Amino acid sequence: NIKPLKLMVWFSPVLIPIIFFVTTAVVINNIVKYRFQRRIIDSGLVDETVIKSLLKPASVTTDALKWGLLFLFGGLGLIVLEFLPYQVGQSPLPYGVEAVFLATGFLMYYLIIRREQNLS
């Protein structure tokens, strides 16, 4: 068994660059998106409805719903894996089970969003 502290010592050099890369990518994406929107607005070739749609913030509630469902179903997949017998490191079962649960989370998100769009 690998103790949690030893796992974190091994995982930290991997996790820190990933977090740094993702944070940098998000910041660069937001800057590029802002500059693109400013150029479109400053060009003067757009009407008022386009400007309103460009300046409208992204839907925070649907993003929160998506990530909440993914974490919920991902966690459920991990819980189910605790009760399934498999050989650690030799069986692809954990990857398949987790993929099925995450896909179910995405499917639930899609169905909820589609139902909201049909109602409005």
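The values are calculated or read from the model by the stated rules, or taken from the named source; none is laboratory data. In this text the structure is predicted, and so the values were computed from the model without any measurement. Cβ sites come from the backbone with ideal geometry, for glycine too, and all protein chains shown count toward neighbours.
Quick one: in segment 79-104, of everything that is over 22 Å from the mean Cα position of the chain (by Cα) and assigned to a helix (DSSP H, G or I), which residue is surrounded by the most Cβ atoms within 10 Å (Cβ to Cβ)?
Looking at the filtered set, the residue picked out is Leu93.
Which of the residues that make up segment 36-49 are loosely packed, with under 10 Cβ neighbours inside 10 Å, modelled with pLDDT of 75 or more and either not in a helix (DSSP H, G or I) or not polar (S, T, N, Q) (or both)? Steps first, please.
Taking segment 36-49 as the starting set, the residues that turn out to be loosely packed, with under 10 Cβ neighbours inside 10 Å are 39, 42-45, 47-49.
Within this subset, residues satisfying the condition of being modelled with pLDDT of 75 or more are 39, 42-44, 47-49.
Of everything in segment 36-49, those that are loosely packed, with under 10 Cβ neighbours inside 10 Å, modelled with pLDDT of 75 or more and either not in a helix (DSSP H, G or I) or not polar (S, T, N, Q) (or both) turn out to be Arg39, Asp42, Gly44, Asp47, Glu48.
Say whether the condition of being free of Cβ contacts under 8 Å to residues at least 40 places away in the same chain, in contact with a Gly (Cβ under 9 Å, 6 or more places away or on another chain) and either loosely packed, with under 10 Cβ neighbours inside 10 Å or assigned to a helix (DSSP H, G or I) (or both) is met by at least one residue in segment 105-120. Yes; the residues of segment 105-120 include at least one that is free of Cβ contacts under 8 Å to residues at least 40 places away in the same chain, in contact with a Gly (Cβ under 9 Å, 6 or more places away or on another chain) and either loosely packed, with under 10 Cβ neighbours inside 10 Å or assigned to a helix (DSSP H, G or I) (or both). Look at Lys52 and say whether it is modelled with pLDDT under 70 and in a helix (DSSP H, G or I). Here the answer is no, as Lys52 does not meet what is asked.
Matching residues to (1) of a type in the set (A, V, I, L, M, F, W, C); (2) within 29 Å of Arg114 (Cα to Cα):
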| residue | (1), (2) |
| --- | --- |
| Thr23 | no, no |
| Val32 | yes, no |
| Ile41 | yes, no |
| Gly44 | no, no |
| Leu69 | yes, yes |
| Ile79 | yes, yes |
| Pro85 | no, no |
| Leu102 | yes, yes |
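So, Leu81, is that one touching a helix residue (DSSP H, G or I) at 6+ places or on another chain (Cβ under 6 Å) and at pLDDT 85 or above or not? In short, yes.
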